[in-house]
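Notes follow the structure.
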Amino acid sequence: MVVDDAAQEHGVRVVSVEAERVTGAIVWSRWASGEPRLQLEVVHALIREMDDVVAALAEVGASVIHPVVAQRSVSRPDP
């Protein structure tokens with residue numbers, strides 16, 4: 001399933017896969033129903049590039065991100 005900028009969900013069948021491109025055919029379409037039924041919560045240790053992690057998790061639909069300080073974390077919050 002993919003979601004477009006107009007908030008429509010599309011069921012897609014993969015037609016071909018190439019090194020730089022994946023082509024699909026839309027099988028069905030419907031208006032997005034709002035919040036997903038499942039919520040993805042992620043616990044992630046603090047790292048230097050935390051902004052990149054947060055952006056990637058938001059792209060895949062994470063609803064909550066819990067940053068934690070791990071024993072081997074290089075980044076540390078200010079006291």
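Please treat every number below as a calculation from the coordinates, not as lab data. Since we're looking at a predicted model, the values are computed, not measured. Methodologically, a virtual Cβ is constructed for each residue, glycine included, from the backbone with ideal geometry; neighbour enumeration extends over all protein chains shown.
Worth a mention:
- Taking GluC sites (Glu not before Pro) as exposed when DSSP calls them loop and at most 12 other C-beta atoms lie within 10 angstrom, the chain has its longest site-free stretch at 50-79.
- For the options Ser16, Ser29, Ser63, a Gaussian network treatment of the chain with springs between C-alpha atoms closer than 10 Å singles out Ser16 as fluctuating the most.
- Shape call, region 35-79: gyration tensor on alpha carbons, a/c limit 1.5: prolate
- The GNM of the chain, with springs linking C-alpha atoms under 10 angstrom apart, assigns the highest mean-square fluctuation among Val14, Val60, Val42 to Val14.
- Distance between the modelled labels on Asp5 and Glu49, one decimal in nanometres: 2.7 nm (7 Å Cα→Cβ projection).
- At the listed q of 0.21 Å⁻¹, the Debye profile of the chain, built from one uniform point per Cα, gives log10 I(q)/I(0) equal to -1.00.
- Annotation note: trypsin sites (Lys or Arg not before Pro) in the chain located in DSSP loop regions with a Cβ neighbour count of at most 10 within 10 Å are Arg21, Arg37, Arg48, Arg72.
- Angle in degrees between helix 50-59 and the longest Cα principal axis of the chain, rounded to the nearest 10: 30
- FRET efficiency estimate (nearest 0.05) - Cβ-Cβ, Leu57 to Ala25, R0 35 angstrom: 0.75
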